[in-house]
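The values are calculated or read from the model by the stated rules, or taken from the named source; none is laboratory data. Worth saying up front: this structure is predicted, and the values here are computed from it rather than measured. Note: ideal-geometry Cβ built from the backbone for every residue, glycine included; neighbour counts use all protein chains shown. What goes into the accessible areas is simple: the full protein's heavy atoms, side chains included, and nothing from ligands, DNA or RNA. Shrake-Rupley method; radii C 1.70, N 1.55, O 1.52, S 1.80 Å.
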Amino acid sequence: LRRLDLLTAEEAGRAREESSLPEQVRAVVDVLAGKGSYASQSLQTFIETTNSQLYLHITVYEPMLQKHLEILQSYYGNGLEKGPLQRLTNLLLVEGLTDIQQKEHDILQIEATKGLRNVSKSIPLEKLFLPLSKVSVPPRISVTIGVSGIGKSTLVKLFVCTWAKGEINRDIMFVLPLTFRELNTYEKLSAERLICSVFPHITEPNCISAGAARTLLILDGLDEFKTPLDFSNTVVCTDPKKEIQVDNLITNIIRGNLLQEASVWVTSRPTAASQIPGGLVDRMTEIRGFGAAEMKDFLDQMFLDNRDLSGQVLQHIRANRSLHVMCTVPGFCWISASSIAYYLKNSIHQSPETTAVPKTLSEIYSYYFKMALSSDWPEKPRETLRIEQAVNNSKRIVGSLGRLAFYGLLKKKHVFYEQDMKAYGIDLSLLQSSLCSRLLLREETQSFTAYCFSHLTIQEFLAALYYYLAAKRAIFDLFTESGMSWPKLGFLNHFKSAVQRSLQAEDRQLDIFVRFLSGLLSPQVNKLLSGWLLVKDEHNSFRSQAISFLQGCLNTDYAISSRTVNTMHCLYEIQHTEIAKTVEEAMKNESLAGMLTPVNCSALAYLLQVSDVCMEETNLSNCLTYNVCKSLLSQLLFCHNLRLDNNQFKDNVMELLGSVLSVKDCQIQKLR
């Protein structure tokens, strides 16, 4: 428009068609095209007097938008992870959260569902904020869920980057990406100050708050927000200039009291997403994990210079069903593949008696930590230390970071700031070391510096290491941070306390922590970490009593739950597999009839998730009673092909099975 006097009538006509000008302005463009400087002055006067919105768009919003695009492209264009991103361009379209997603730990969700969601619909990324049909409206509130390490923040980067290049959603004028870890640094904000604080180049925030420009507000990482969202007690606020508590600001934006015209996109781990009432969510999507080809591509990308190693790692992952399911999550796949590759490189010069391919979670993370402590890290270390120095440094760092990890886990805190580091007595200069940088990610912006463990499971393993080491000398309950509690002496008392708290916890957030704690008592893990973090053979003093205690937790009644299954996982981590092997052998021989005691039922529930015997078909013929069937219902949900013939079932069992088939989580495809 500024160059109207230089355009021919034909060029002006083409520009008119491509622009989104009102019809009356298009007519004026046609009349004035090619008539010199007089024409552009006339047009400017016309727009100023008849269409103030358009004038604002040309003189204010357009320059502001150009600056915004430049900043987003420079910030999000760099650091977009390499490797297969194809799965992020097609999201699963889901109808709300399932029961297991609302209640269980991320890893338990993946194990139970075998990493697969029973969903047939998907939606491409470019249509995420468009109506699903010609008669529907665009979603105002969209929520994308995914377990830790699946790629939620990478998805946001990919979207912002693609939008900033003008490749998708050109109808959206402003995309404003915010993270909850950023919002944690504020106590109070107004809607307009929220925009100005994070995007100071947006000098006219009222154009967004008033809905003059179509805007998408992205809120990434709800699970990292320091304050739970309380929608039932939201203090209503409709003034975009009024400063209120940040959690109140978010609930008012989601409810539509503020930024009513803006679309809002929230990303979160599933359990945290359940804070948002389903009635407020217009569209829910889920990020799927790796398929077989994508996992291979990911590993090939990891080991670009050694395809043989990539193939060997994949072979080991596929040989372990439980591990293969977990590796559908990119973050976990990276940790597991790094550990297995480290094992393969170092096992050449050692006898099979001294090393074994990592199978349990604790073994994988022990190899990962050993790799982090050694000079075999994929990136070159910043400093070279003598072996004694490295051991002393590692103990000091694990002690400091472990305490932070443990008490962070208890408070459901996964993002830490400099004040947190100081509160836990962590020397900030210590965070510059190679080991710290391998375990802790640092994010620095103009307004804050945040730290988080490279994956949730890294925090859980460090927390377990801290607890294990501290429990040997602690005289008070370690779960009480102040230290004020009844005396609690001896490692076994502390071990029992941790397991009992895990079994009683409603949110299940200690389940993987107690698996790691159990795993630290296994002979293989002791062999791997002795000399570095553990004392050689010290586990022998506690192991048999810990096994007896865990078995006692199973020997209750026929009430099988994910808690029971997790206790079986603890026994597997501690390398006590006798119960599971006995039941698995009976399954193979079809001789389960009469042997399904409460303990064996627990083992069967565990095997339904992890055993190769159940992979193609779960055969429970001629062995189930009403009580056993009822106790196993929560696990039978996830069997794809289920054989239950010759069990002499009566109507009451058929009613139970009928109720299972209608559950949202149910993955049964074939029932006999």
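Each residue of the range 120-128 is assigned a 3J(HN,Hα), and the resulting list reads 9, 8, 9, 9, x, 4, 5, 10, 4 Hz, derived from the Karplus form 6.51 cos²θ - 1.76 cosθ + 1.60 (θ = phi - 60°), x at Gly and Pro.
Three semi-axes describe the equivalent ellipsoid of the range 214-352; taken as square roots of 5 times the Cα gyration tensor eigenvalues and ordered largest first, they are 46, 15, 13 Å. Each peptide in 86-99, 516-529 was scored by the mean count of other Cβ atoms within 10 Å over its residues; highest first, the order is 516-529, 86-99.
Residue 371 contributes an accessible area of around 10 Å² to the protein surface, as traced by a 1.4 Å probe with all chains present.
Going by the alpha-carbon gyration tensor, a ≥ b ≥ c the square roots of its eigenvalues, is the range 445-511 rounded (a/c under 1.5) or, if a/c is not under 1.5, prolate (a/b greater than b/c) versus oblate? Prolate, because a/c is 1.5 or more and a/b exceeds b/c.
Between residue 593 and residue 612, the simple label model (points 7 Å from Cα in the Cβ direction) yields a spacing of 2.8 nm.
Note on residue 307 and residue 661: the extension gain reaches 123.0 nm, defined as 0.36 nm multiplied by sequence separation minus the Cα-Cα distance.
Considering only 245, 66, 143, and ranking their Cα positions along the charge dipole of the chain that arises from unit charges at the beta-carbon of Lys, Arg, Asp and Glu, the one farthest toward the positive end is 245.
The charge dipole of the range 121-268, taken about the Cα centre with unit charges on the Cβ atoms of Lys, Arg (+1) and Asp, Glu (-1), comes to about 400 debye, rounded to the nearest 20.
Dipole check for the range 590-655: with +1 at the C-beta of Lys and Arg, -1 at the C-beta of Asp and Glu, and the Cα centre as origin, the magnitude is about 220 Debye.
Annotation: amide H of residue 218 within the under-5 Å range of 176, 178, 265, sequence separation 5 or more or interchain, hydrogens built in the peptide plane. Here the Karplus relation 6.51 cos²θ - 1.76 cosθ + 1.60, evaluated at θ = phi - 60°, turns the backbone of the range 367-374 into coupling constants of 5, 4, 5, 4, 5, 5, 7, 9 Hz, with x for every Gly and Pro. Of 358, 302, 344, which is farthest towards the positive pole of the range 292-359's charge dipole, taken about the Cα centre with +1 and -1 on the beta-carbons of Lys, Arg and Asp, Glu respectively? My answer, from the dipole projection, is 358. Between their Cα atoms, which of 114/370; 127/165; 359/412 are more than 19 Å away from each other? Over 19 Å Cα-Cα: 114/370; 359/412.
Given +1 at the Cβ of Lys and Arg, -1 at the Cβ of Asp and Glu and no other charges, the dipole of the range 56-215 around its Cα centre is 300 debye to the nearest 20. Annotation: amide H of residue 144 within the under-5 Å range of 266, 267, 268, 285, sequence separation 5 or more or interchain, hydrogens built in the peptide plane. Note on the range 576-671: lysine pairs with Cα distance below 25 Å, sequence gap of 8 or more or different chains, count 8. Each Lys or Arg adds one and each Asp or Glu subtracts one; over the other residues with Cβ under 14 Å from the Cβ of residue 449, this totals -2.
Here is the list for the range 475-575: GluC sites (Glu not before Pro) lying in DSSP coil, each with at most 16 other C-beta atoms within 10 angstrom of its C-beta, are 481, 506. Of the residues 666, 177, 160, the one whose Cα sits farthest toward the positive end of the charge dipole of the chain, with +1 on the Cβ of Lys and Arg and -1 on the Cβ of Asp and Glu, is 666. To the nearest ten degrees, helix 330-347 and the longest principal axis of the Cα atoms of the chain are 50 degrees apart. Per residue, the chain reaches -14500 deg cm²/dmol at 222 nm when only DSSP H runs of four or more residues are counted, each adding -39500 (n - 2.57). In whole percent, and with a 1.4 Å probe on the protein chains, what portion of the accessible area of the range 119-205 is carbon and sulfur? So the carbon and sulfur contribution to the accessible surface is 53 percent.
Highest average first, the peptides 546-557, 458-469 ordered by how many other beta carbon atoms sit within 10 Å of their residues are 458-469, 546-557. Overall shape: oblate for the range 292-359, with the ratio a/c of the largest to smallest alpha carbon gyration tensor axis at 1.5 or above and b/c at least equal to a/b. Relative to the longest principal axis of the Cα atoms of the chain, the long axis of helix 62-77 lies at roughly 20 degrees. The calculated Kirkwood hydrodynamic radius for the chain is 28.0 Å, given to one decimal from all distinct C-alpha pairs.
Taking the inverse of the mean reciprocal distance over all distinct Cα pairs, the Kirkwood hydrodynamic radius of the range 86-287 comes to 17.4 Å. Taking label points 7 Å from Cα along the Cα-to-Cβ direction, residue 621 and residue 274 give a separation of 3.8 nm. Residue-wise HN-Hα couplings along the range 234-241, as the Karplus relation 6.51 cos²θ - 1.76 cosθ + 1.60 with θ = phi - 60° gives them from phi, are 5, 7, 5, 9, 10, 8, x, 9 Hz; Gly and Pro carry x.
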